[in-house]
1. If I model a spin label as a point 7 Å beyond the Cα along the Cα-Cβ vector, how far apart are those points for LYS78 and THR201 in nm?
2. What does the accessible area of CYS214 come to, in Å² to the nearest 10, when a probe of 1.4 Å is used?
3. PHE209 versus ARG45, label points 7 Å from Cα toward the beta carbon: distance in nm?
4. For LYS54, what accessible area in Å² do you get when you roll a 1.4 Å probe over the heavy atoms of the protein chains, rounding to the nearest 10?
5. So what's the back-of-envelope 222 nm ellipticity for the chain, counting only DSSP H runs of four-plus at -39500 (n - 2.57) apiece and dividing by all residues, rounded to 500?
6. Tell me, what is the FRET efficiency for TRP18 and LEU66 to the nearest 0.05, using R0 = 22 angstrom and their Cβ-Cβ distance as r?
7. List, in order, the whole-Hz ³J(HN,Hα) value for each residue of the stretch 215-220 obtained from phi through the Karplus relation with A = 6.51, B = -1.76, C = 1.60 and θ = phi - 60°; use x for Gly and Pro.
8. On C-alpha positions alone, give me the angle between the axis of helix 187-198 and the longest principal axis of the chain, in degrees, nearest 10.
Amino acid sequence: MDLNFIINHLNVFIAAAWLTLKLSFFGIVFSIIIGLFCILMSYFRIKFIEQICKIYIELSRNTPLLIQLFFLYYALPKFDIHLEQIPPLNLICLSVDETLRPAFACAIFGLSFLGGSYMAESFRSGFEAIRKQQFEAGLSLGFTKLGNFRYVILPQILAISISSISANIIFLIKETSVVSIIALPDLVTAMKDLNSLTYKTDELLFLLFMGYLCIILPISLILFFVEKKAFKCLVY
């Protein structure tokens, strides 16, 4: 293995890893927001929006991210819909080069669209595991329905479903590898582009492997300790 080649091209993979981290961060944050919104609609029993959420979950979970990205990147502009111009994506996209903004916005939207359905199902499992008495206890103490959800129900949902949420977070980080299909310079794109020029496949695969490992391993360890803490809270 050519060590000099690895050292000389390390900066390319560091930049690609930074882009992957940004995509992962925004995708995960928006996924959690979407998941919480869906479970809120179930909690407040807003039937029409709840049905829309169920349709969204089925549509999102039963279509590949690759197809979703193709649709967002190639089909929407034909209808004069540009995601990079829609708030808050327009503000987020300011952090990347102007030429990358359409692809960056589509990647975040696609990851959020996919991840939101998985997060919604994780929250639903925690929501359905809570006993009926817990819903009534908060109301009997004088909480409003929203206050009851915020202070009584939501902490229990998060504690119960933390393992599933952690798995979804890792899943979304790994799914960022698909965004190379819309020419974003992530880790996979960096590997493919350099391989087509240098044919240093072994070295580039090593850099790709280490790039994802350096991102995912620390996050996995953090989530592991969060899970242990949540489990102790449930026990005690």
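The values are calculated or read from the model by the stated rules, or taken from the named source; none is laboratory data. From a predicted model like this one, the values you see are computed outputs, not experimental measurements. In this analysis, Cβ positions are derived from the backbone assuming ideal geometry, glycine residues included, and neighbour counts consider all displayed protein chains. Note: accessible area is taken over every heavy atom of the protein model, side chains too, but ligands, DNA and RNA are not part of it. Shrake-Rupley method; radii C 1.70, N 1.55, O 1.52, S 1.80 Å.
1. Using points 7 Å along Cα→Cβ, the separation is 3.6 nm.
2. Answer for CYS214: close to 90 Å² accessible.
3. 5.5
4. Counting only protein heavy atoms, LYS54 exposes about 100 Å² to solvent.
5. Working: 11 runs with 176 residues, N = 236.
My calculation for the chain gives -24500 deg cm²/dmol from helical runs alone.
6. Efficiency for this residue pair is about 0.40.
7. Couplings: 7, 7, 4, x, 5, 4 Hz.
8. Taking the Cα atoms of the chain, the angle to 187-198 is about 10 degrees.
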